[in-house]
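Read the structure below first, then the notes.
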Amino acid sequence: MEGEPFDRRLSRADMLRLAAAAAGVGVVAGPAAAADAARARLSQESGRLQVMDWAGYCNDGGQSMFAAYVHKHPNNKPQFTHMTNESNALAQIHAGAHPDLFRPYCGWNKYFVQSGLVQPWNPKLISNFKHLNPSMVKAGQYNGKQYGIPDDWGFDAILYRKDKVHPKAKSWGLLFDERYKGKIAWFDDLEMITVAGLYLHAKNPWNQTSEELKRSQDFLMKKKHVARLIWASETDLWQAFGSGDIWVAYAWPNDWVQMKKKFPVVYMHPKEKPIAWVGMFMLLSGTPRFHLAHAYVDAWSSKKSGRWLENNYGYGHANLEAKPSSSALLKALQLSNPKAVRMPYAHLDRDIPQRQHYAQLWEQVKAS
Amino acid sequence: METTAGTAAAPTHRRRRRPGLTTPGLLGLPVSWLIVFFVVPIAIVAAYSVDVFVLFPGPHSFTFSAWHSFFSKGIYFPLFFKSVEMSLTVSAVVVVVAYPLAYYLALSGTRRKYVLLLVLIAPFLTSYLLRVLAWKVILGDNGVINTFLFSTGLRAHGHPLSFLLYSRFAVMLVLGYVWLPFVALPIFVTLESLDRGLLEAASDLYASRRQAFLRVTLPLSLPGVVAAFLFVFIPTVGEFVTPSLVGGANGYMYGSQIVDLFEQGFPDWETGAVLSLFLLGVISVLTLVFVRFLRAGEARTA
């Protein structure tokens, strides 16, 4: 049902020509004809492409990621709305926002698909799709359809100053270590319940039993006094860490990239394993700019964009051909390992069936 | 007599009609503004709190379940009382600090009082965010205060006063700083409009300066003091920007919780609406109590 907009508008021959044109090959029906067909289909879609994305990925620094799209579609430049997190995006969409595409992380894929808010992509319209990490591509599938196109990825792990902090073990326990009380930063997200579950050996940290949830919440409440900061935005973390107010933090790879400019820091993968996340472009149901959205995601998926992202933001990119200039980043992100986001290396973030309950428990921890 | 009375009554009748049209004309715009941008939004929030409006599509019906959960579980009450306590402390301290300042400006007879008043409100020429963030530079572990303490030997290196930032103290300090001019101004205006003849009369009746202050100046300036107190208390009890910038884990306030319920983790607009309305209700009651107290005080003074 979700694929109807595409199926309805294009004949099979058109589809082949369009795919060929989008890939820049154009040998099936001749370069000129294929390009004309692609242009014709794209030109049927009007207006600016509506993109909902995170700060730093819009016209506020992330322009290189979609420069190729803007170059090809100067009349349909993306118009951005910021999302501060998936919950915020969900609220905005239900409250009346109508983006053509947005970019939640993989743990939310199932929720958005089941809510009926999104439709599957047509990978044939994305020329760079074949270069994307198959493991991450699979994480974007649901019932055999490609609902998420993977883009950036990274880990939730622990950043610490090695001149100040001496962990007893490579463990999430460092976030709860009394020795560093008042120098620790937690992350403001229900993922903290999952992390507590990982640390306390819950059977399934993403779907803990009532007893396990109570234990995780009690543990976080008991340990809250060690946390000086619960950060919701990276800039808050950078200020606190960069000024020496924080020595240990729940962090993303980009935080390591930024902080290693100032201090000797370690980005530690705990023995309980870090949580890996993959950003997924999702296409809103009923979007009037179906093809433009594909073109936008295609630009994002290119090797050039991926390399830029890795070099500048310190995150991995799903395009396997994209490699950063820095060998340190290559090593930290395990970019040579196409299965870095899965076990035995990391827990790939996943759906939380009791998400609302997890959120309530986390809010209570903060309020405690 | 009758004729005279009849002709005299006609203009009076016309005069009565004119204000009848003028008053709604003058009040129409502000009242409409209040209805559209105050009453209606509150009604919408109230509708969310009882599931008449819901964020997620699907069947829904009128229910008090979010209200029931709020009162029965009592999870948010400790946070609410913490915020009220912080806000009351800030309001009281700032009033105490601002009063002598306003007193000096209004009653000292200095010719530079308006220049000094401008200096007082000068920080408002810079952005709120910038002023709050500047405190991070001052209060941090390696900030101005701790660096001074290290350099003077009052604190050992590596042992900063960490309660200065990312704490309740930091939130209260910054809120006090930000709201100080809002407190000083209404007190200044009240003192400025004080009838100086009353002070002269007190002096003529051999009242000491202290007695004149306690029995004349202070009672007459109470309306300004109460207004100033409310100016600070009402917005700060629901404050969320300052706690998010300098509060850290310990300076989390009730307003922060409301914001988070709306968009962190998983949107819970029903509970967020309940928390918002509860705050509104409590503030309204407190304001009424203050106003009653003020009127009683005015009556006693009269």
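Every number here is computed from the coordinates shown, using simple stated rules; none is lab data. Being a predicted model, the structure only gives us computed values, none of them experimental. Using ideal geometry, Cβ is built from the backbone for each residue, glycine included, and neighbour counts are taken over all protein chains shown.
Numbers for the structure displayed
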| quantity | calculated |
| --- | --- |
| Cα-Cα over 27 Å, subset of A:Lys214/B:Lys73; A:Lys170/B:Lys73; A:Lys168/A:Lys224; A:Lys181/A:Lys262; B:Lys113/B:Lys136 | A:Lys170/B:Lys73; B:Lys113/B:Lys136 |
| Chain A, relative contact order [Cα under 8 Å, separation at least 6], % | 24 percent |
| Efficiency of FRET between B:Arg295 and B:Val40 - r from beta-carbon atoms, R0 30 angstrom, step 0.05 | 0.50 |
| For the range B:75-301: relative contact order, % (alpha-carbon pairs under 8 angstrom, 6 or more apart) | 26 percent |
| Sorted peptide list for B:84-97, B:161-174, A:59-72, A:80-93, criterion being average Cβ within 10 angstrom, highest first | B:161-174, A:80-93, B:84-97, A:59-72 |
| Ranked A:Arg307, B:Arg209, criterion: other C-beta atoms within 10 Å, fewest first | B:Arg209, A:Arg307 |
| Amide proton proximity set for A:Leu348, modelled H, under 5 Å, gap of 5+ | A:Ala276, A:Met343 |
| Additional length obtainable on full extension of the chain from B:Arg155 to B:Leu280, 0.36 nm per residue less Cα span | 40.6 nm |
| Calculated on alpha-carbon atoms, Rg and Dmax of chain A in Å | 21.4, 69 |
| Average beta carbon contacts from partner chains per residue of B:241-253, 10 Å cutoff | 4 |
| Rh (Kirkwood; distinct C-alpha pairs) - the range B:75-301, Å | 19.9 Å |
| In Hz, Karplus ³J(HN,Hα) per residue of the range A:279-284 (6.51, -1.76, 1.60; θ = phi - 60°; x = Gly, Pro) | x, 10, 6, 10, 9, 5 |
| Residue-averaged 222 nm ellipticity for chain A, from DSSP H runs of 4+ at -39500 (n - 2.57), nearest 500 | -10500 deg cm²/dmol |
| Residue-averaged beta-carbon neighbours from other chains (10 angstrom radius) around B:264-277 | 5 |
| Chain B, helix-only ellipticity at 222 nm - DSSP H runs n ≥ 4, -39,500 (n - 2.57), divided by all residues, nearest 500 | -23500 deg cm²/dmol |
| DSSP H segments from chain B that extend 18 Å or more along their own axis, Cα-based, with Kyte-Doolittle mean of 1.0 or above | B:77-107, B:168-192, B:218-237, B:269-301 |
| Cα-Cα P(r), the range B:125-215, percent of pairs per 10 Å interval | 14, 27, 19, 16, 18, 6, 0 |
| Span per principal axis, largest first, for the Cα atoms of the range A:78-117 (Å) | 26, 18, 16 |
| Rg followed by Dmax, in Å, when the range A:226-368 is reduced to its Cα trace | 17.7, 50 |
| Cα convex hull volume per residue for the range A:99-155 (Å³) | 94 Å³ |
| Residue-wise HN-Hα coupling along the range B:154-162, computed from phi with Karplus coefficients 6.51, -1.76, 1.60 (Hz; x: Gly, Pro) | 6, 9, 6, 4, x, 10, x, 7, 7 |
| Paired Rg and Dmax values of the range B:132-175, which use every Cα atom, in angstrom | 10.3, 30 |
| Amide H partners (placed H, <5 Å) of A:Val118, local residues excluded | A:Ser285 |
| Residue exposure sequence - A:Lys168, A:Lys222 - by fewest surrounding Cβ within 10 Å | A:Lys168, A:Lys222 |
| Exercise: per-residue mean of other protein chain Cβ atoms within 10 Å, A:358-367 | 6 |
| For the range A:100-225, average projected area of the Cα convex hull in nm² | 10.8 nm² |
| Semi-axis lengths, Å, the protein assembly as shown, gyration tensor of Cα atoms, sqrt of 5 times eigenvalues | 55, 35, 24 |
